[in-house]
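To start, the structure under review is shown below, and the notes come after it.
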Amino acid sequence: MRLDRALRRTIAAQAAAWVWLATPALMHAQLVRGELIDSVAGSPVAAAIVSLVDASGEEHVRLLTDAMGRFRVRAPSAGEYRLRVRIVGFDAWESEPLTLAVGQTVVRRIPLMLVRVKLPAFTVEAERTCVVRPEEGAAAAALWEEVKKALAATELTVASRRFRFRSVSTERELNRQGMVVRDTAYPALGYSTWPFAALDPDLLSKLGFVQATVGGPTFYGPDAQVLVSDAFLDDHCFRITTSSDRAGAIGLAFEPVAGRSVPEVGGVLWLDSATVTLRTLEWEYRNLSRWAREGKPGGEVHFAQLTTGAWFIQRWMLRAPIAQVYLARADTAFYGVKWKQEEVIAVLTADGKPIVGFERVNEVP
């Protein structure tokens, strides 16, 4: 199932996941509630992705366990379901079928044997061929599954509004010679969101990631819903890569398939090679006009994980060219670059209690 469909079904339920309202509709709901426990350590498994899956394999609810490993999911109707548990960097788990009668509540205490994900044996040389929708069992497919888990966990953290983030945003404009002509920085405190706007994946597939607007070209980034969409998977191929600049990391590179002529994106999803957990998304724009290529447009998103297991975006950066339009000769030239970055410097609980702080990276051009 596409991530966006599951999340649309989840966001409304997530805010009330732990509030039991005695209304007639909920009193007759079919519920599965329980807790996840590490079978070895005996500790709660927090921030695990719990899904309710029906007999056909369709996912109806997706949410994160709380700090005590608890979950509460409501089935849309009576019937047979399974619980599916996914934890970033660990093997997935699925329950035996659960039969829910009308208005029934099933309680489960689930001990989990947490086993680290192991990638299939591979060599980078053998994985250099870029493949659309890598087959199950291939190393690229295993990496992609872990990427999807991390993206889903990040989106669910945003939807849950369990944390607030103190951040610093920096905006900088440079002219053609690279001189700073505008520089601003300002603090912010609020709930996390995905850092840039994206359109419907099918529309991006048709029109591209850079589109003309009244104020000039708009550069759209690949957000979580775009990355896991059918349109993106059909328009891009994947391969494994490494870099001498990234010790201890393994990359899942993506690039447009042959024949794509609209403005596109290509880049790398970097994972920790030991834990197989997502760390960075970086991309650049392809199929651009000459003036736009001079600005080297692209972006980065850096992911982080709290000790509770919750995922969030710790830092992001976007870089886009500025056009200079000559109306007299209907021409466009490269004028400069607009650069924006936001860094989370502290994570707090929803009621403002500090959890962890971060040193600023402040990578400005």
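Data table
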{"quantity": "Selection count, segment 194-222, where residues are in contact with a Leu (Cβ under 7 Å, 6 or more places away or on another chain) and of a type in the set (Val, Ile, Thr)", "calculated": "1"}
{"quantity": "Ala101 being at pLDDT 90 or above, surrounded by fewer than 18 Cβ atoms within 10 Å (Cβ to Cβ) and not polar (S, T, N, Q)", "calculated": "yes"}
{"quantity": "Segment 180-232: number of residues that are under 23 Å from Ala323 (Cα atoms), in contact (Cβ under 8 Å) with a residue 12 or more places away in the chain, outside any loop (DSSP other than H, G, I, E, B) and hydrophobic (A, V, I, L, M, F, W, C)", "calculated": "5"}
{"quantity": "Extreme residue, surrounded by the most Cβ atoms within 10 Å (Cβ to Cβ), among residues of segment 110-129 that are in a loop (DSSP other than H, G, I, E, B) and at pLDDT 85 or above", "calculated": "Val117"}
{"quantity": "Restricting segment 29-74 to residues that are farther than 19 Å from Arg161 by Cβ and touching an Asp or Glu at 6+ places or on another chain (Cβ under 6 Å), the residue that is modelled with the lowest pLDDT", "calculated": "Ala55"}
{"quantity": "Residue within segment 154-163 that is modelled with pLDDT of 85 or more, assigned by TED's automatic domain parsing to the domain that holds Ala224 and in a strand (DSSP E or B) present", "calculated": "yes"}
{"quantity": "Looking only at segment 169-216, and only at residues there that are over 24 Å from His302 (Cβ atoms) and of a type in the set (Asp, Glu), the one that is modelled with the lowest pLDDT", "calculated": "Asp200"}
{"quantity": "Residue selected from segment 244-264 under the condition acidic (Asp, Glu) and at pLDDT 95 or above, by the criterion nearest to Trp144 (Cα to Cα)", "calculated": "Glu255"}
{"quantity": "Tally, over segment 184-228, of residues that are of a type in the set (A, V, I, L, M, F, W, C), within 21 Å of Leu281 (Cβ to Cβ) and surrounded by 14 or more Cβ atoms within 10 Å (Cβ to Cβ)", "calculated": "12"}
{"quantity": "Residues (closer than 22 Å to Lys296 by Cβ and surrounded by 22 or more Cβ atoms within 10 Å (Cβ to Cβ)) located in segment 236-250", "calculated": "His236"}
{"quantity": "Flag if Val268 is over 22 Å from Thr170 (Cα atoms) and either in the same structural domain as Leu36 (by TED's automatic domain parsing) or touching a Ser or Thr at 6+ places or on another chain (Cβ under 7 Å) (or both)", "calculated": "yes"}
{"quantity": "Extreme residue, nearest to the chain's Cα centre (by Cα), among residues of segment 166-223 that are basic (Lys, Arg) and more than 30 Å from Thr349 (Cβ to Cβ)", "calculated": "Lys206"}
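Listed here are the residues, each with its yes/no results for (1) among the charged types (D, E, K, R); (2) under 30 Å from Ser273 (Cβ atoms); (3) out of contact with any Cys (no Cβ under 9 Å at 6 or more places or on another chain).
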{"residue": "Ile37", "(1), (2), (3)": "no, yes, yes"}
{"residue": "Ser51", "(1), (2), (3)": "no, yes, yes"}
{"residue": "Ala55", "(1), (2), (3)": "no, no, yes"}
{"residue": "Val61", "(1), (2), (3)": "no, no, yes"}
{"residue": "Asp66", "(1), (2), (3)": "yes, no, yes"}
{"residue": "Arg70", "(1), (2), (3)": "yes, no, yes"}
{"residue": "Arg86", "(1), (2), (3)": "yes, yes, yes"}
{"residue": "Gln104", "(1), (2), (3)": "no, no, yes"}
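Let's see how each residue does on (1) within 25 Å of the chain's Cα centre (by Cα); (2) loosely packed, with under 15 Cβ neighbours inside 10 Å; (3) polar (S, T, N, Q):
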{"residue": "Gly295", "(1), (2), (3)": "no, no, no"}
{"residue": "Gln305", "(1), (2), (3)": "yes, no, yes"}
{"residue": "Gly309", "(1), (2), (3)": "yes, no, no"}
{"residue": "Leu318", "(1), (2), (3)": "yes, no, no"}
{"residue": "Ala333", "(1), (2), (3)": "no, yes, no"}
{"residue": "Gly336", "(1), (2), (3)": "no, no, no"}
{"residue": "Ile345", "(1), (2), (3)": "yes, no, no"}
{"residue": "Phe358", "(1), (2), (3)": "yes, no, no"}
{"residue": "Val361", "(1), (2), (3)": "yes, yes, no"}
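The values are calculated or read from the model by the stated rules, or taken from the named source; none is laboratory data. The model shown is predicted, which means the values in this text are computed figures rather than measured ones. FYI the Cβ positions are ideal-geometry reconstructions off the backbone, even for glycines, and counts take in every protein chain you see.
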